[in-house]
Amino acid sequence: MLSICSSMISSPSPPPPSSAAGTTRSIPGSYGFPLLGPLKDRLDYFWFQGQDKFFRSRMEAHKSPVFRANMPPTFPFFFGIDPRIVAVLDCDSFSSLFDPALIDKRNVLVGSYMPSLNFTGDIRVGVYLDTTEPGHAAVKKFSLDLLRRSSAVWFSSFESNLSRMLSTIESELGQNSSSNFFVPLQKCIFSFLCKSIIGVEPSVSSEVGDSGFVMLDKWLALQLLPTVSAQALPQPFAEIFLHSFPFPFFLVARDYKKLYNFVAKHGAEVVSIAEEYGLTKDEAIHNILFVLGFNAFGGFTVFLPALITTIGRDKTGLKQRLREEVRSHIKSEKGVVGFEELKGMELVWSTVYEVLRLNPPVPLQFGRAREDFELNSRGARYPVKKGELLCGYQPIVMRDPTVFDRADEFVADRFVGEEGKRLLNYLFWSNGPETGTPTVQNKQCAAKDHVVATACFMLAEIFRRYDDYECGDGMDFTKLEKATNTAAAVPGGVK
Ligand code: HEM
């Protein structure tokens, strides 16, 4: 399957360029007075402006996509965290984050703040390791191997869980005017990832089977709440209770232990593969849990709802075009979506890329300058000092008007054809260009190709089964119209 992805994106063009011949500028912006500057920026970021306006207004004020600012979490109870960052908000400056010669990725997954190591069994799991640290290569190789081995069950397991989810939604829509899909989707994601990554159905343990996904939600929330805007509480309560102090691990320690024991008991085979790469049993289990729970479950939980709702709310005729493309590529009498068929669905792939461009599931990326260097951006060069923390905010970077025409618009076929393939050099959701390859030498998402192929497969399956669907304003289906074409309506799976 994944050779499909590679052939879909093989592009004649080189990786993102640097157009750096221009003048040298000092980086605009200031950090303000100690404590007050970070506090003001924090309140702007979470409350008065919000993430998007925070970055956009400063970019406009400084007339530069590169500038200095403070990033939360900060003051008062986040000790030892330096909030100062250099924002990089165009494709050129952002792509320096992918250069391991310039950038150190040690402990900067979510910025200067790092959740307590208690959340990961007191070890620094792979995502927190820089490429120069020996442990990184071991974990990355293991992750890549794990994904390669899981390919046999990845799509069949996804298909059967997707089928279950859609049946739940269908029957709820039979009784109500809308059906919220968030919980069924989370169950689907958790279950297929358990099978693909650990090798067992979560239902082998009734506790993990029933509420494993909720355990992961809580574990993720406690780590990430200090860094994300929360709708759960109105201001100023969100500032006081969610963004002022790190949350302690003990609140989820029992659940984490259950998940740990689940992997130890049922994932013995995958643990032994990790041991072949030099990880101890304990390191293996914490790394497996992190890849499963944080990278994979967390990533899909953000991305797939964006994909479903973007298309479900479209009023431009995109659904009809997708349906026609999917149906026209299904050659088999059984009507199931096969790998070769998926390969030809150019609009499906392009739509998935466009959703990733406008809704990058991991919006922020960080990296620390290894040495002094000059950062390139739109023809200017900005001197960066060793140790400074660069922060890229993808929702703005992916709307760089010097790269993308009608950059703010959703253009479903943007990535179709030769010009479309060239633009994949500038699609950065995976912490690297879409034309790049995850290796031990870089920090690009190990599952870059799996993620896109899974999303394409989901879209194709939906349009194989249904003539139409619609979403409301939340994460809900308001219409799911079964395919009238009998060949398409036959339940199937991966050939
Ligand atoms: C929609 C789903 C996903 C998204 C959006 C996503 C995104 C990302 C991003 C942005 C990074 C880089 C983080 C950084 O260093 O700044 C990353 C790293 C990583 N991802 Fe993914 N990911 C997804 C799914 C997965 C899955 C399914 C797996 C494996 C099963 C996976 C494994 C990894 C690993 C191992 C790394 C660390 C790479 C390294 O340390 O070199 N990801 N991912």
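Taking the conditions exactly as written (within 13 Å of the ligand (Cβ to nearest atom) and either at pLDDT below 95 or under 20 Å from the mean Cα position of the chain (by Cα) (or both)), does Phe78 satisfy them or not? I'd like the intermediate steps shown before the answer.
Working: within 13 Å of the ligand (Cβ to nearest atom): no; either at pLDDT below 95 or under 20 Å from the mean Cα position of the chain (by Cα) (or both): yes.
No.
Among the numbered criteria (1) in contact (Cβ under 8 Å) with a residue 60 or more places away in the chain; (2) away from the ligand (no atom under 16 Å from the Cβ); (3) closer than 30 Å to Pro28 by Cβ, which single criterion is violated by Pro83?
(1)
For residues that are of a type in the set (Phe, Trp, Tyr) and within 16 Å of Ala306 (Cβ to Cβ), tally how many sit in region 175-194.
Start the filter on region 175-194 by keeping residues that are of a type in the set (Phe, Trp, Tyr), which leaves 181-182, 190, 192.
Okay, now just the ones that are also within 16 Å of Ala306 (Cβ to Cβ), so 181-182.
Of the residues in region 175-194, 2 are of a type in the set (Phe, Trp, Tyr) and within 16 Å of Ala306 (Cβ to Cβ).
From Pro83, Pro65, grab the single residue that is crowded, with 21+ Cβ neighbours inside 10 Å, at pLDDT 95 or above and under 21 Å from Leu427 (Cα atoms).
Values: Pro83 fails: under 21 Å from Leu427 (Cα atoms).
Of Pro83, Pro65, the one residue that is crowded, with 21+ Cβ neighbours inside 10 Å, at pLDDT 95 or above and under 21 Å from Leu427 (Cα atoms) is Pro65.
If you go through region 32-74 one residue at a time, how many are part of a loop (DSSP other than H, G, I, E, B) and within 17 Å of Leu390 (Cβ to Cβ)? Break it down into steps so the answer makes sense when it comes.
Let us first name the residues in region 32-74 that are part of a loop (DSSP other than H, G, I, E, B), namely 32-35, 49-50, 63-65, 71-74.
From what's left, within 17 Å of Leu390 (Cβ to Cβ): 64-65, 71-72.
Here the count works out to 4.
What are the residues in region 48-80 that are without any contact (Cβ under 8 Å) to a residue 12 or more places away in the chain and within 23 Å of Pro236 (Cα to Cα), if any?
Answer for region 48-80, where residues must be without any contact (Cβ under 8 Å) to a residue 12 or more places away in the chain and within 23 Å of Pro236 (Cα to Cα): Phe48, Gln49, Lys53, Ser57, Phe79.
Please state which of the following conditions Tyr466 fails to meet, knowing it meets all the rest: (1) more than 18 Å from the chain's Cα centre (by Cα); (2) aromatic (Phe, Trp, Tyr); (3) within 13 Å of the ligand (Cβ to nearest atom).
It is condition (3) that Tyr466 fails.
Could you tell me whether region 433-456 includes any residue that is assigned to a helix (DSSP H, G or I), out of contact with any Cys (no Cβ under 9 Å at 6 or more places or on another chain) and of a type outside the set (Val, Ile, Thr)? Give the steps one after another, and end with the answer.
First, the residues of region 433-456 that are assigned to a helix (DSSP H, G or I): 448-456.
Checking which are out of contact with any Cys (no Cβ under 9 Å at 6 or more places or on another chain) leaves us with 454-455.
This time we only want the ones that are of a type outside the set (Val, Ile, Thr), so: 455.
Yes; the residues of region 433-456 include at least one that is assigned to a helix (DSSP H, G or I), out of contact with any Cys (no Cβ under 9 Å at 6 or more places or on another chain) and of a type outside the set (Val, Ile, Thr).
Considering only residues that are assigned to a helix (DSSP H, G or I) and within 11 Å of the ligand (Cβ to nearest atom), which ones fall in region 120-137? It would help to see each step written out before you state the result.
To start, the set of residues in region 120-137 that are assigned to a helix (DSSP H, G or I) comprises 120, 126-128, 134-137.
Within region 120-137, Gly126, Val127, Tyr128, Gly135, His136, Ala137 meet the criteria.
For Asp255, state whether it is out of contact with any Pro (no Cβ under 7 Å at 6 or more places or on another chain), of a type in the set (Asp, Glu) and closer than 25 Å to Asn161 by Cβ.
Numbers: out of contact with any Pro (no Cβ under 7 Å at 6 or more places or on another chain): yes; of a type in the set (Asp, Glu): yes; closer than 25 Å to Asn161 by Cβ: yes.
Here the answer is yes, as Asp255 does meet what is asked.
Any idea which residue in region 177-221 is nearest to the chain's Cα centre (by Cα), counting only those that are away from the ligand (no atom under 16 Å from the Cβ) and of a type in the set (A, V, I, L, M, F, W, C)?
By that ranking, first place goes to Ala221.
Within region 439-463, take every residue that is within 30 Å of Val139 (Cβ to Cβ) and among the β-branched types (Val, Ile, Thr) and give me the one that is nearest to the ligand (Cβ to nearest atom).
Within region 439-463, the subset within 30 Å of Val139 (Cβ to Cβ) is 439-458.
Cutting the leftovers down to among the β-branched types (Val, Ile, Thr) gives us 439-440, 451-452, 454.
Working: Thr439: 8, Val440: 7, Val451: 4, Val452: 9, Thr454: 8 Å.
For region 439-463, the residue satisfying everything is Val451.
I'd like the full set of residues that are surrounded by 20 or more Cβ atoms within 10 Å (Cβ to Cβ) and more than 12 Å from the ligand (Cβ to nearest atom), limited to region 279-316.
Residues satisfying the conditions are Leu279, Glu283, Ala284, Ile285, His286, Ile308, Thr309, Ile311, Gly312.
What's the number of the only condition in (1) modelled with pLDDT of 95 or more; (2) buried (at least 22 other Cβ atoms within 10 Å of the Cβ); (3) more than 13 Å from the ligand (Cβ to nearest atom) that Lys105 fails to meet?
Going through the list (1) modelled with pLDDT of 95 or more; (2) buried (at least 22 other Cβ atoms within 10 Å of the Cβ); (3) more than 13 Å from the ligand (Cβ to nearest atom), Lys105 breaks only (3).
Would you kindly identify the helices (runs of 4 or more DSSP H) lying entirely within region 195-305 that contain at least 2 residues that are under 26 Å from Met114 (Cβ atoms) and at pLDDT below 95?
Values: elements: 206-224, 253-266, 268-276, 281-290.
Passing ranges: none, list empty.
Output the qualifying pairs, or none if there are none: Cβ atoms under 8 angstrom, residues six or more apart or on different chains, first residue in region 444-462 and within 19 Å of Glu170 (Cβ to Cβ), second residue within 8 Å of the ligand (Cβ to nearest atom) and in a helix (DSSP H, G or I).
Matching pairs, first to second residue: Met458/Leu304.
The values are calculated or read from the model by the stated rules, or taken from the named source; none is laboratory data. Owing to the predicted nature of the structure, the values given are computational and were not obtained by experimental measurement. Cβ: placed from backbone, ideal geometry, glycine included. Neighbour counts: every protein chain shown.
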